[in-house]
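Colleague: I'd like to ask some things about the structure below.
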Amino acid sequence: MINETLKLRNPSWEIPTGSPFRLDRDPNIVRGDNHERVNNALFTLGYKYCQSLIFRLLEPYWKGKLQDHSLLFGQDSDGREMLMLWQELAYTVITAAETEGVTRQLPSRLSISTVPVFDRNFLERQLGRLLQKSAGLSDQPEENGKSRKIDICRQGIDRGEWPISKKGGVYSFDNGPDTVYFLAVQYFLSHHGFAGLIDHLEEEGLWDKEKFFLNGPFYSLLMENIFFYGKPDEFRKVIYGLSELLGGDLGLSAALWVIRFLKKHETEAMDKLSEDNILSAPGELERIEARVGQLESLEAEFRTNYLYEKYSGRPAIISEETIAEASQAAQDDSSLFWQVIFDREGGGKLMEDLFGHNEILREVYETALTERKIIPVSLLMMADSLGLEKQEALYLAALSQFAWGVIVSYDNVVDGHKIRKGRQTQTAIDGMPIALDVALLSLENVLSSTIADRELHKNFLKMLRIGCSGDLISRRLDWDDSPDRYEESMAGLTKAFSWFPQYIGNRVGLVEAGQNFAAFLADLHTLGQLNNDIEDIDPPLMKHEEGNDVGQRITLFWKILMDLPDNLVSAQETETIRGVFSARNSSLQVKDEEITAIIAIGKRCKAEVLARLEPIVQRVYEEAGRHLELAFDSLPVMDQRNQTYKNIFANTLEIVRRNFLSQEPTIQFE
């Protein structure tokens, strides 16, 4: 594996519902135990609700209906000192340890979070400390004044004029956790502000995972306050800080809870404002919309980060050990590289389970087994890079290899192949009618096995349509058609079997990468098809009988050969070639010596044809390289696994290109 710094990219796609990278589907974040823990810790009725409660309590002081603040703080007090007293007392309560007289209780059986409660001694001790230097009752001796101030406070509590009440011998702030934490947040912010908030929380000992679950509403209301009154980047720092503090799925769950809680309240406010007279609050709707946009943007960031983390931690489909073993085996035979991976990672076993026990389809299954495994293993690598689960990737790989066996079996029928990869074809053993029936039954088996997955089923039907249409067009090509027309026909055929990566990309949400992997695979198949056309006149060992495909259709090789100058291909030779192709396409009998003659012409002119094919090969090679780069550049992370696969594909591409340059094929695709 090649070590490389991880590259993070910004995905520009909408992650589909079924994607393993879709945050909303994760049971550990937006639902389940983590979500419940976070919800129980953070839930409040909201900052504005708490603000209205405190405002109602302070209003009598501001309007002069209550005078306790004048007694406590002097005649110049306007009631704000009362609020500051409550704020500091609340902050003292939530930061006090149990040893200081503060414990935690559920305020009711329906409550989901505890509230701090304190005894009379704690209350009087803290009031005495907080009021020690206040200006009220300055005409009395200090000790008498302190005692009198505490009495005034307790009497105010007893009369319900404070946000504190006594129940069961202990005191607590009213309205569950909302009031005490709202006041504590106000005290904290009045002393520290929004800048450097996390540093200040650390200084106060509050930036702590245990404290978070003890005082959850404090953090919820704090972030709500920052969101409404701070700067966007300050809110962003705190929400990311909270996610990092709690860590993992729990931290992400907490951050999303806050974002969605705020978005819910903002959306409700926007709906209410829209229903009411918007003109009464000019610009307010736009401000709310801007805040909702900020929250949605932040949520999208977390979704993207989740994708990165989930993607980076995706389980491997192909192990490093398997790749090392395959690389060792390939030193003797390059085809073993793909075979070893297919077998070691379970492709062969799954293929046997799916298709190996149907005796009627046995010949097609055996044909598929003898074919090169570059297609299914390429799919496994691409599926690994795209983040598909291993079992599903293996299913697609096994399905693709069997489908390729169907295509080859059908090809053996229509082209009359008697030998394929060193073994007799079913056409040779049982005759064309039986071989055709088995090929069609095998095709039906593939289509039936995919019918439960509508998208997969549609792709197989599309593959059948494109493949058959492409074959039809290629068989109708004439000598007068341009080379471009031949290339178009070939592209249609190769695309028919290159759709799997795009299907996977659509499934997981990595659409652009899937499209480029599919394009790369189509380019690779095109190079392989060009190579196969050359092999018609000079087949390697373990393929099929020499010359069997010659004359079945006009390939680009023969089209270029026929356009060679007369000093290379005589008029008589041209007529011989035309005659053989015409006869075979009309199902007329062709003498063996005629086939032998035009094979000899093909071998003699092979170098000249390859020289003219080279620009086409080079163009397809460059396109394949470009699509390969784009595919890996479109992935969220370029990790070591992806780099390994990229190197394998690049090396394979280079080997195919060299086949044409050396005229000594070293790898076969079919």
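Colleague: Of everything in the stretch 218-241, what is of a type in the set (Gly, Ala, Ser) and surrounded by 22 or more Cβ atoms within 10 Å (Cβ to Cβ)? Give them in sequence order.
Modeller: 220
Colleague: Another question, then. If you scan the stretch 331-361, which residues turn out to be buried (at least 16 other Cβ atoms within 10 Å of the Cβ) and farther than 25 Å from residue 386 by Cα?
Modeller: Selection gives 334, 355, 356, 361.
Colleague: Another question about this same structure. Are any residues in the stretch 301-328 out of contact with any helix residue (DSSP H, G or I) (no Cβ under 9 Å at 6 or more places or on another chain) and at pLDDT below 85, and if so, which ones?
Modeller: 304, 308
Colleague: If I ask for residues that are in a helix (DSSP H, G or I) and surrounded by 15 or more Cβ atoms within 10 Å (Cβ to Cβ), which ones from the stretch 553-577 would you list?
Modeller: Step one: list which residues in the stretch 553-577 are in a helix (DSSP H, G or I), which gives 556-562, 571-577.
556, 557, 558, 559, 560, 561, 562, 573, 574, 576, 577 - these are the residues of the stretch 553-577 that are in a helix (DSSP H, G or I) and surrounded by 15 or more Cβ atoms within 10 Å (Cβ to Cβ).
Colleague: While we're looking at this one, here's another question. Kindly provide the set of residues from the stretch 502-540 that are assigned to a helix (DSSP H, G or I) and without any contact (Cβ under 8 Å) to a residue 12 or more places away in the chain, ordered by number.
Modeller: Quick first cut of the stretch 502-540, residues assigned to a helix (DSSP H, G or I) only: 502-508, 511-535.
Correct list: empty.
Colleague: Can you tell me which residue is farthest from residue 233 (Cα to Cα) among those in the stretch 297-330 that are crowded, with 16+ Cβ neighbours inside 10 Å, of a type in the set (A, V, I, L, M) and touching a residue at least 60 places away in the same chain (Cβ under 8 Å)?
Modeller: 323
Colleague: Another question about this same structure. Only one of these is surrounded by fewer than 24 Cβ atoms within 10 Å (Cβ to Cβ) and among the aliphatic types (A, V, I, L, M): 364, 408. Name it. First the steps, then the outcome.
Modeller: On the way: 364 fails: surrounded by fewer than 24 Cβ atoms within 10 Å (Cβ to Cβ).
Just one listed residue meets the conditions, 408.
Colleague: Mind listing whichever residues of the stretch 417-462 are within 11 Å of residue 361 (Cβ to Cβ) and either surrounded by 17 or more Cβ atoms within 10 Å (Cβ to Cβ) or touching a strand residue (DSSP E or B) at 6+ places or on another chain (Cβ under 7 Å) (or both)?
Modeller: 426, 438, 439, 442, 443, 445, 446
Colleague: Does residue 652 qualify as being in a helix (DSSP H, G or I), assigned by TED's automatic domain parsing to the domain that holds residue 533 and surrounded by 15 or more Cβ atoms within 10 Å (Cβ to Cβ)?
Modeller: Numbers: in a helix (DSSP H, G or I): yes; assigned by TED's automatic domain parsing to the domain that holds residue 533: yes; surrounded by 15 or more Cβ atoms within 10 Å (Cβ to Cβ): yes.
So residue 652 passes the test.
Colleague: When residue 497 is evaluated against the numbered criteria (1) assigned to a helix (DSSP H, G or I); (2) crowded, with 17+ Cβ neighbours inside 10 Å, which criterion, by number, is the only one it fails?
Modeller: All conditions are met except number (1).
The values are calculated or read from the model by the stated rules, or taken from the named source; none is laboratory data. Computed from a prediction, not measured in an experiment: that's the story for all the values here. Positions of Cβ are generated from backbone atoms using ideal geometry, with glycine treated the same way; all protein chains shown enter the neighbour counts.
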